[in-house]
1. Going by what's in this entry, would Ala237 be described as open to solvent by less than 10 Å² (accessible area, probe 1.4 Å), not charged (D, E, K, R) and not in a strand (DSSP E or B)?
2. Out of (1) open to solvent by less than 10 Å² (accessible area, probe 1.4 Å); (2) touching a strand residue (DSSP E or B) at 6+ places or on another chain (Cβ under 6 Å); (3) in a loop (DSSP other than H, G, I, E, B), the odd one out for Ile157 is which?
3. Looking at Leu313, Leu300 in this structure, which one is open to solvent by 30 Å² or more (accessible area, probe 1.4 Å), within 19 Å of Trp177 (Cα to Cα), part of a strand (DSSP E or B) and touching a Cys at 6+ places or on another chain (Cβ under 8 Å)?
4. Check whether at least one residue in region 169-179 is surrounded by fewer than 19 Cβ atoms within 10 Å (Cβ to Cβ) and outside any strand (DSSP E or B), and report yes or no.
5. Tally up the residues in region 139-170 that are under 30 Å from the mean Cα position of the chain (by Cα) and more than 22 Å from Thr239 (Cβ to Cβ), please.
6. Mind listing whichever residues of region 280-297 are of a type outside the set (Asp, Glu), in a loop (DSSP other than H, G, I, E, B) and open to solvent by less than 40 Å² (accessible area, probe 1.4 Å)?
7. Out of Ser124, Ser140, Ser130, Ser135, report the one residue that is touching a residue at least 12 places away in the same chain (Cβ under 8 Å) and open to solvent by 30 Å² or more (accessible area, probe 1.4 Å).
Amino acid sequence: MSNTTSDHNHHDDPGHDDPGLQRDLQRIDELRQRRQMLGWLAGGGAAAVIAACGGGSSDSSGSSASSSSSSSSSTSSSSSSSSSSSSSSSSSSSSSATSCIADPTETNGPYPSDGSNSVNGTVSNILSSSGIVRSDIRSSFGTSTTTAPGVPLVLTITLVNSNMACAPLEGYAIYIWHCNRDGNYSLYSSGVQNENYLRGVQVTDANGQVTFTTIFPACYSGRYPHIHFEIYPSLAAATSYAISVLISQMALPSAICTAVYNNASGYTQSITNFAAVSTSSDNVFGDNTAAQLAQQTPALAGSVSAGYTGTILIGVGA
């Protein structure tokens with residue numbers, strides 16, 4: 001177009017004085033420039049212009065591929081991060097699963113019926129009775145079938161080797177016993193000497209576990225609420241306290257004790273007794289470390305109306 005402008009300004013050229021000729025020359029020049037433009041476009045100039053302007057499906061596709069690649073890389077990174085997080089979580093879980101100590105030895109107390117003492121001149125040893133191997137220990141077996149009333153408690157015990165990265169101990173026998181909701185022990189206390197409820201033996205499975213169904217015990221004067229247990233290397237060996245590999249006790253969670261004693265029927269006398277004792281003042285748990293007490297206390301969940309379920313880990317230096 002600059003050439004056309006220049007032509008219009010050359011008035012010294014005599015041929016440009018004719019207006020008709022001037023229009024024809026301008027039209028011829030415009031047609032010539034149009035043919036040049038069409039030839040240039042056919043030669044790829046348009047692609048260059050379009051590319052320079054950032055358009056075109058090819059560039060868009062490349063951008064999309066780049067975006068997809070970036071997204072894929074981001075997803076891969078996210079997946080890797082998630083995998084790393086999962087691995088970390090798994091490692092943490094594995095680490096916590098192998099965290100344990102050997103439970104301390106505690107007294108078996110005056111009411112064990114494990115062959116260590118006598119009642120009315122006769123050695124008391126429930127371990128010699130064929131009905132002692134059972135998971136539900138709420139009722140007596142043998143000559144009596146009386147069921148001990150109280151808030152239900154289902155407790156799963158996991159027995160592990162504290163010297164071998166807390167590996168589960170299979171085939172061990174666990175004997176547990178505790179008082180009823182009145183604070184009395186079967187076979188010993190007045191009025192329940194003909195009962196043998198709230199006592200039982202179970203053999204650990206491949207996971208080192210046993211489960212007992214029982215009731216929440218009372219708090220009697222002078223002792224923090226507890227459950228006794230003895231560990232034997234096998235069921236065949238579970239015949240006398242002298243063969244046990246561990247004699248100890250569980251300390252029941254304080255908050256659950258408060259809930260049961262203040263709200264459940266039949267536990268009224270435990271309210272005053274519990275208010276006067278703590279694990280630190282107890283003559284059994286009082287000298288234990290925080291780590292020992294933590295492991296000796298089962299984790300329980302539930303309610304007074306529905307009952308409680310829970311778990312506890314017992315470590316033995318087998």
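1. Answer is no for this residue.
2. For Ile157, the failing item is (3).
3. The conditions single out Leu313.
4. Checking region 169-179: at least one residue is surrounded by fewer than 19 Cβ atoms within 10 Å (Cβ to Cβ) and outside any strand (DSSP E or B).
5. Final tally of qualifying residues: 17.
6. As a first pass, look at region 280-297 and keep what is of a type outside the set (Asp, Glu): 280-281, 283-286, 288-297.
Adding the requirement that they be in a loop (DSSP other than H, G, I, E, B) leaves 280-281, 283-286, 288-289, 297.
Scanning region 280-297 gives Val284, Phe285, Gly286, Asn288.
7. Step by step, each of Ser124, Ser140, Ser130, Ser135 is checked, and only Ser135 is touching a residue at least 12 places away in the same chain (Cβ under 8 Å) and open to solvent by 30 Å² or more (accessible area, probe 1.4 Å).
The values are calculated or read from the model by the stated rules, or taken from the named source; none is laboratory data. Worth saying up front: this structure is predicted, and the values here are computed from it rather than measured. Every residue, glycine among them, receives a Cβ derived from its backbone with ideal geometry; neighbour counts consider all protein chains shown. Only protein heavy atoms, including side chains, enter the accessible area calculation; ligands, DNA and RNA are left aside. Shrake-Rupley method; radii C 1.70, N 1.55, O 1.52, S 1.80 Å.
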